[in-house]
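J.: Questions regarding the structure given below will be posed in turn.
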Amino acid sequence: MGKVYSMTINYLDSKRIGALSTDYGAESQTISDDLTTNNGWVFPTNSSYDSTNDQIDLTIASSSFDVSYIDLQKAVYFGSGNNLNDDNFVIRARITKNNDLGNTSKGSSLLLQVSSALTDSSKSPNPQDAVGMRIDTDRTSSNAFYVHSTDNGTFWDGESSGISYSWGTGDLYWEIIGDGTNVTGELFTGSDYSTGSLGKVTTSQQSPTGMRYLKFCGFNDPSRTATQFSLQDFKIWNGVSSIPAKPTSVQDNYILVEKDTGKRFWFSEATAVTYTGDMSTGWTKTGSDFTIDTTDNEVDYLGTYNSQNVYFDLETVETLSTSGFVIRFTIKQTGTASGDSPVFWFGCSETGVTSANSTATDFIGFSNHVSAGTAVLRPYQSMSNDARLDQSTVQSRLQLSGSNVDLANDNTLYYYEIVRDGSNFTSNVYSDSGYSTLLATRTNAVPAGGEVLRYFIIANYQQGSGVTGTFGNFKLYNGVTSVVSPTWTPMFGTRGLFMANAIIDYITVATTGNATDFGDPSVTRYVSAGCNSDTRGVFSGGGGAFFNVIDYVTIATPSNATDFGNLTASIGYLAGLNSDTRGVIGGGYNGAYVNFIDYITIASVGNATNFGDMSVERGEQSGSCHSDTRGIFAGGYGSGAYQNVIDYITIATTGNATDFGNLTVARKALSGCNSATRGIIWGGDSSTVIEYMTIATPSNATDFGDLLENCVTACGACDNGKTGVYANNTANQIQYITIDTTGNATDFGDLTVGRTQIAGCNDGL
């Protein structure tokens, strides 16, 4: 059983590639359940389905196993007679811990497991086949996580060794992978299942069969208060050991066209690696404190009273650029320091072989310290100009948000990075292989004269013992100041729509000119909210008689709008935004100003559902913009005053809005547009103001430029991710900006009919 994904790529004309959305990624899973409905879960006494928050709630309250489970043979999952593949699978789930009981001597255990039987009332149930992940939580001495693979055994059979981790409350993202040889488990703090890795554990894959029950279960020490967890969603890729991804072995600037959805993605190549460290060639050691492990392609090192090193001559590859380079490597270090404080250096040096720390050298890089009597790793930035590597070259502790950072000296894998940018260099430490979750950083000037950097060295030039470590995954990117991964970026759409009264117009966003008639809305109205998917435009609510109507159009096909459903209330003067799948409508006025937020799934007609609340009651059309994950509402009118407040939401997660910052000018009757990263809020009643913000970073808005003339009342906007277009009041004027370049607006063309209180949308994000 299980799908086997072999992406069929068709190379089309004009640097285009054709494929199906179901060939890769999120669309390719066998099971994807966001738990918006309960598909037949069975619960113990202390657990239940939470329809409000779309999750399975599990309260672990006893010394026996509390097992919530679902039969994967249900028709909505694998279907009758089908089980989890015996060898190859990927399981992912988002799990929340809802209370933190503090450090106690005994804690709770939580499992996510697929097994062949339901006899799970104890830690040693009747024999069964199973694979899964277990975590221990709220323990004084050891919070650890494990994976297991069991052939006719108990929960504990076939379990890996544990890895320590930290989990207070909130979300963790669990991943379990079977590849026919091993079962691997990994925990992440990032929802992309790549950032914020807390570690990885592996055990040998046994020979389980008949695995049909997905279990969310746990065990609690009887002396403790109950521990509460939630399962928000889960996905299973069956029959594969890795998640199929969009192709990366293609030429730069290719376009991927999904033949079944029409979505388009632009490919950008990764930064080329100048050298990947091969420890079997060119790496030289001095003394016995270092071992060059050619099997695992790493260097094992030891803290002693010696002064030894390992070095590599970079000029055998390429002379380091003085304008820029990036060097990356990993460090795992462990042990409590005894005697003095062991110090290790990692970086670029003028000198390779040194017999002691008396040799003068130019150097930029890291020094790792473990203070005597501790097991805390303290990374410093170090540099020298014709000076020896000792305490005098240690400049300062690495920090994050102004605070010194200590790292766990417990065999945790850390990702180190040295970046040179002309006369400056930066030392970074990350927690993840994607180099996205920054733990510590420091930037300083390269020492004057410290330009001769020929060697990469690893050295223990300070007294002390009891500390060991591993260096590996060395990569050099020369002549650049940043590293870019290969990416497929969603291409924004081409067409924008403007709707008000009984008219829908359209434009081609990238081409200036007058608008063209598109069709008619289902109800004549004004000050509606617009949102969209890649292909569908949706208009919600509106003034006049205050409507709750929602209607939609297919953006590529001019026609009249079709009924979609209803808002939770009749409302006008509202604002809309969207991800690629969900539309969100917020605020408004219907005789009183409101703060509630509704949402819809754009691809599925139906009535709206409550999302949460804005921070303040407001209407008169707030401005809105979004990325693919975050939505922003800005300004409006409420509580007897113009508003400058900016709120944000995470579009995929229902809940109340959070404060983002403030507009430069409080005002109403706004509109907005965006690129993938920047939001634009423009216009407003009797205002020419245009301002912008970085959507991912809460802060106050910044002045962008000015409109051609004052906006009389609410106006609509659309974009293609690069160009933003604004339809302006009764003068029927359309104007535009380049979103990522500040400046005043420029004339675009005219609407078919001059009118006010317009709603806008576009194809694309």
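J.: Residues to consider are Phe325, Phe329; find the one that is in contact with a Cys (Cβ under 9 Å, 6 or more places away or on another chain), surrounded by 15 or more Cβ atoms within 10 Å (Cβ to Cβ) and part of a strand (DSSP E or B). Steps first, please.
T.: Values: Phe329 fails: in contact with a Cys (Cβ under 9 Å, 6 or more places away or on another chain).
Testing whether each residue is in contact with a Cys (Cβ under 9 Å, 6 or more places away or on another chain), surrounded by 15 or more Cβ atoms within 10 Å (Cβ to Cβ) and part of a strand (DSSP E or B) leaves just Phe325.
J.: Filter the range 670-685 down to the residues that are of a type outside the set (Gly, Ala, Ser) and closer than 14 Å to Asn762 by Cβ, then identify the one that is surrounded by the most Cβ atoms within 10 Å (Cβ to Cβ).
T.: The extreme case among them is Cys673.
J.: Still on this structure, please answer the following. Which one of the conditions (1) within 18 Å of the chain's Cα centre (by Cα); (2) assigned to a loop (DSSP other than H, G, I, E, B); (3) hydroxyl-bearing (Ser, Thr, Tyr) does Thr209 fail to meet, given that it meets all the rest?
T.: Of (1) within 18 Å of the chain's Cα centre (by Cα); (2) assigned to a loop (DSSP other than H, G, I, E, B); (3) hydroxyl-bearing (Ser, Thr, Tyr), only one is false for Thr209: (1).
J.: Let me ask something else about it. Ser288 passes all but one of (1) under 38 Å from the mean Cα position of the chain (by Cα); (2) in a loop (DSSP other than H, G, I, E, B); which number fails?
T.: (1) is the only condition that Ser288 fails.
J.: When Leu765 is evaluated against the numbered criteria (1) at pLDDT 90 or above; (2) in contact with a Pro (Cβ under 9 Å, 6 or more places away or on another chain), which criterion, by number, is the only one it fails?
T.: Exception for Leu765: condition (1).
J.: Taking Asp719 as the residue in question, decide whether it is surrounded by fewer than 23 Cβ atoms within 10 Å (Cβ to Cβ), under 23 Å from Val538 (Cα atoms), among the charged types (D, E, K, R) and in contact (Cβ under 8 Å) with a residue 12 or more places away in the chain.
T.: On the way: surrounded by fewer than 23 Cβ atoms within 10 Å (Cβ to Cβ): no; under 23 Å from Val538 (Cα atoms): yes; among the charged types (D, E, K, R): yes; in contact (Cβ under 8 Å) with a residue 12 or more places away in the chain: yes.
Against the criterion (surrounded by fewer than 23 Cβ atoms within 10 Å (Cβ to Cβ), under 23 Å from Val538 (Cα atoms), among the charged types (D, E, K, R) and in contact (Cβ under 8 Å) with a residue 12 or more places away in the chain), Asp719 does not qualify.
J.: What strands (runs of 3 or more DSSP E), lying completely within the range 391-469, carry at least 1 residues that are at pLDDT 90 or above, buried (at least 16 other Cβ atoms within 10 Å of the Cβ) and under 27 Å from the mean Cα position of the chain (by Cα)?
T.: Once the strands (runs of 3 or more DSSP E) in the range 391-469 are filtered for at least 1 residues that are at pLDDT 90 or above, buried (at least 16 other Cβ atoms within 10 Å of the Cβ) and under 27 Å from the mean Cα position of the chain (by Cα), what remains is 410-421, 424-430, 438-445.
J.: Surrounded by 19 or more Cβ atoms within 10 Å (Cβ to Cβ) and assigned to a loop (DSSP other than H, G, I, E, B) - does that describe any residue in the range 189-197?
T.: Going residue by residue through the range 189-197, those that are surrounded by 19 or more Cβ atoms within 10 Å (Cβ to Cβ) are 196-197.
Subset that is assigned to a loop (DSSP other than H, G, I, E, B): 196.
Checking the range 189-197: at least one residue is surrounded by 19 or more Cβ atoms within 10 Å (Cβ to Cβ) and assigned to a loop (DSSP other than H, G, I, E, B).
J.: So the check is Cβ under 6 Å with 6+ separation or different chains; which pairs have a first residue in the range 588-614 that's closer than 14 Å to Asp551 by Cα and a second one that's crowded, with 20+ Cβ neighbours inside 10 Å and among the polar types (S, T, N, Q)?
T.: Ile602/Ser533
J.: Still on this structure: Is it fair to say Asp340 is under 34 Å from the mean Cα position of the chain (by Cα) and either outside any strand (DSSP E or B) or in contact (Cβ under 8 Å) with a residue 40 or more places away in the chain (or both)?
T.: no
J.: Still on this structure, please answer the following. Which ones in the range 80-97 are of a type in the set (Gly, Ala, Ser) and under 24 Å from Gly218 (Cα atoms)?
T.: The first filter runs over the range 80-97 and keeps only residues of a type in the set (Gly, Ala, Ser), leaving 80-81, 93.
Answer for the range 80-97, where residues must be of a type in the set (Gly, Ala, Ser) and under 24 Å from Gly218 (Cα atoms): just Ala93.
J.: Let me ask another. When you check Phe471 against the structure, is it more than 25 Å from Gly587 (Cβ to Cβ), among the aromatic types (Phe, Trp, Tyr), in contact with a Cys (Cβ under 8 Å, 6 or more places away or on another chain) and not assigned by TED's automatic domain parsing to the domain that holds Thr723, yes or no?
T.: Judged against the criteria, Phe471 is not a match.
J.: Also: Out of (1) over 30 Å from the mean Cα position of the chain (by Cα); (2) buried (at least 17 other Cβ atoms within 10 Å of the Cβ); (3) modelled with pLDDT under 85; (4) not in a strand (DSSP E or B), what's the single condition that is false for Ser223?
T.: Here Ser223 meets the rest and fails (2).
The values are calculated or read from the model by the stated rules, or taken from the named source; none is laboratory data. Nothing here was measured: the structure is a model prediction, and the numbers come from that model. FYI the Cβ positions are ideal-geometry reconstructions off the backbone, even for glycines, and counts take in every protein chain you see.
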